[in-house]
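Notes follow the structure.
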Amino acid sequence: MVQIKTAKVSFNDDGTPFSAEFDDIYFDSNQGCSQSVQVFVEANNIPHVWQDHSEDSFVIVETGFGTGLNFLLTLDRFVKFKQQSNSALTLHFISTEKFPLTKNDLATALALWPEYAKYSSELLSHYDLQEEQLTVSFADIDVSLTILFSDSTKALASLNIPGQGLVDCFYLDGFSPVKNPEMWNKGLFLQLARIAKKNATLATFTVAGIVRRGLEEVGFKVSKLAHDKADIQNNERLAEKSQSLTATFKGLRKGKPLTGFKVREKVESSKHATIIGGGLASACVALALAKKGIQVTLLCKDENLAQGASSNAIGAIYPLLHQNKDTISNFYQLGFERSLTLYQDLLAQGYKFSHGFNGLIEVSYKEALVKRQAVFAKNQVWPENLIQAITAQQVNDISGVGVNHPGLYMPRAGWVCPPEVVNAITQAAIDTGKVKVKTKRTLVAIKALENDRWLITTQKGQKQEQKQVQNLILCTGADSLQIDALNDLPLSIVRGQVSQMKTNEKINNLKTVLCHKGYLTPVNNSVHCIGATFDKDDADLSSRSIDDTYNIEMLERCLGDIGHWTDEDVITSKARLRCCTPDHLPVVGRLPEIDLHKQYYAHLSKDKNWHYQQVAPLKNGLYVLTGLGARGLCSAPLLADILAAEICNEDYPVDEEMLFNLSPNRFVIRDLIKSKS
Ligand SMILES: Cc1cc2nc3c(=O)[nH]c(=O)nc-3n(C[C@H](O)[C@H](O)[C@H](O)COP(=O)(O)OP(=O)(O)OC[C@H]3O[C@@H](n4cnc5c(N)ncnc54)[C@H](O)[C@@H]3O)c2cc1C
Ligand SMILES: C[S@@+](CC[C@H](N)C(=O)[O-])C[C@H]1O[C@@H](n2cnc3c(N)ncnc32)[C@H](O)[C@@H]1O
């Protein structure tokens, strides 16, 4: 049984049903049902269109079933058509309804039309709100009615569509776009285009620009229909303009605008979110959501926060930049700016964490890197305050130690202590009064429920608890590979060990982070960090002395004996797991319905440029933010902003292309393209 929210209907003196919630009428009954006849039935050339229809069945889709008046009018025309023509045509009328009338209200509304009593009593005898969908078969007249009790966009997205399309004709009803903006969204128009047959007709009572443009953008040719002044007298729905819209679907197009699988359909904004995490990603999401007024519960499996990849003593903050402005560099440039703002804001607000923003140098310690540096200097695509080529002398002067190689200098980059940052961000989130943190809670199962909710099972000690949640966000770092819901993402783990080294007078002057094949950080609490190893698919978290030796030797091979270190100087070391993606970009957003992607976008295997209007089918309320690789400090704050924008239905801080390059569904789309058939 599903929970359906019924409509709150009142009836005007003349019996017209009225919705107080939307402040709008269901239909205008001033001239009988002439408005509905003109605007929907006749505007779609019914019944004439049936005479020439070459297929066995005619499919009408309506948005907003309401009282069923449009359906009854159509049924009546169809019965008369069949009587006159002896045609074998069948009619399938599919309607959507998010807020159905109660049976009593429906009976009261339909009592206005005694001429259709025969059909309305049959409709009423079957009318039942127990299931998500109602099908009524009027067998003797070859008509079937399906009502999908859900939001129009979602309901239409659930329809299976044959190759040539499904729908011959649309009645686009629903309260006026001004009063019901949620229904008239881009996703709805994309759905209409997905299910339409070529040359399908459409009629709607509204001439609002948003509807006209929305239809045109997805391939409908739209015209205005003028109505007789006499017909619109006292007619509220047509009162302002003596016009309505008709349209014809002209078919899918190749090329621009943005193809559907890149479109992130709007979600209904909500007030609560549950985050699974405990590292940098979850801290940033908690703060971003809390700032937008969302109530957050953060569940972490460990006793304390920042025990996973975010537990290193020191991490460098710097963007991954290439010689040219490509997808990766553009993302990390934006991410870097966002991170700096967040970390500096926190410090300004009094939150404390060890840090140093004295710059970072990528040392050109071998010929190939000197050449790379020359290309950076020549191309000059990045501003100097982001990255600049400097000489060996400048490297020595700026870093404070004798490196003796040229390098690429990022003057605003630096280092922070990641666990302290995680705790500072989480504290800032808690201080908003919106965030609760619960530790020692391991997520062990996730189950989809109806109404886009999720049933999560968490374990605390021996005890399991279950809870229904509305928005579930998985920020589970390398543990993402253990979570069934994330199995379809091509994530991998890469073990890294960082060694903490005793400082000494040769190296304690180091002012900047130095990056070579690995990195070396300035002193903090008498310790430098060097690292890190890079072992794919190795999940061992215990430290190995062989890896400390590797870190010391790697540093020496690249930069010489700059720290004068031996194995004896290792104070401690730590191994943790990076969570990586094949394209080196993180993953953020709602999880895709993989099978539906394969079904909807199958043609990409034949033509990778095929333009689809179909919006990406995504799991409502189930989000991921992971795959931060070796740059989480630089990317997590921007990614969290993206997620918060998505959940709060606000504008994204990145453009649509970048959004797709970060989205969880990019992998299945690329697989489809690669699968070439
Ligand atoms: C050796 C090494 C060096 C690095 N150096 C740098 C660097 O210099 N600069 C940089 O920017 N980045 C660096 N990184 C990367 C950076 O640390 C990560 O990108 C970042 O910390 C990832 O944060 P996260 O929140 O995604 O994951 P994590 O910090 O691993 O957090 C995941 C959290 O999820 C929780 N969790 C997982 N599963 C569950 C579950 N089922 N139930 C409840 N809780 C769960 C875990 O307890 C953990 O708290 C380095 C990483 C490593 C390993
Ligand atoms: C003007 S009435 C429709 C009248 C109806 N076609 C008739 O013949 O009686 C608009 C209907 O749209 C429904 N509606 C509003 N928003 C909706 C949405 N997002 N999805 C589906 N139905 C919606 C309302 O509950 C209402 O029943």
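For the reader, a short list of remarks on this structure follows.
- Length released on extending from ILE571 to GLN468, taking residue separation times 0.36 nm less the Cα-Cα span: 32.5 nm
- Dipole of the chain computed with +1 at Lys/Arg Cβ and -1 at Asp/Glu Cβ about the Cα centre; of GLN35, ASN180, SER480, farthest Cα towards the positive end is SER480.
- Pairwise FRET efficiency - GLN84 versus LEU159, Cβ, R0 = 41 Å, nearest 0.05: 0.85
- Relative to the longest principal axis of the Cα atoms of the chain, the long axis of helix 367-379 makes an angle of roughly 50 degrees.
- Contact order normalised by residue count of the chain, Cα under 8 Å, 6+ apart, percent: 13
- Label-to-label distance, nm, for residues given as ASP326 and ALA107 (7 Å Cα→Cβ offset): 7.0
- Over the chain, DSSP H runs of length four or greater, each weighted -39,500 (n - 2.57), average out per residue to a 222 nm ellipticity of -8500 deg cm²/dmol.
- Straight-distance crosslink candidates among lysines, where the alpha carbon sits under 21 Å from LYS221 and sequence neighbours closer than 8 are dropped: LYS186, LYS197, LYS198, LYS241, LYS250, LYS254, LYS256
- In this structure, the residue pairs whose Cα-Cα separation is over 31 Å, taken from LYS325/LYS517; LYS103/LYS224; LYS98/LYS598, are LYS103/LYS224.
- Positive-pole candidate from LEU156, ILE647, SER85, dipole of the chain, charges at beta carbon: ILE647
- The simple spin-label model puts a point 7 Å past each Cα toward its Cβ; for LYS598 and ASN404 those points are separated by 5.9 nm.
- Gyration tensor (alpha-carbon) shape descriptor, region 33-251, a/c threshold 1.5: rounded
- Distance violations [Cα-Cα > 26 Å] among LYS5/LYS154; LYS5/LYS271; LYS179/LYS447; LYS292/LYS438: LYS179/LYS447
- Per-residue extension of 0.36 nm, minus the Cα-Cα distance of ILE673 and ASN12, leaves a gain of 232.3 nm for this segment.
- Radius 10 Å from Cβ of TYR623, net charge of other residues (Lys, Arg +1; Asp, Glu -1): +1
- Whole-Å distance, taken between Cα centres, linking region 165-234 and region 43-120: 18
- Positive-end residue of GLN333, GLY627, GLY219, charge dipole of the chain with Cβ unit charges: GLN333
- Across region 33-251, the relative contact order, built from alpha-carbon pairs under 8 Å that are at least six residues apart, equals 21 percent.
- Gyration tensor verdict on region 368-414 (Cα atoms; rounded if a/c is under 1.5, prolate if a/b is larger than b/c, oblate otherwise): oblate
- What separates the Cα centres of region 411-440 and region 441-466 is a distance of 25 Å.
Throughout, read-outs are computed from the coordinates displayed, never taken from laboratory work. No experiment lies behind these values; they were computed from the predicted model shown. Using ideal geometry, Cβ is built from the backbone for each residue, glycine included, and neighbour counts are taken over all protein chains shown.
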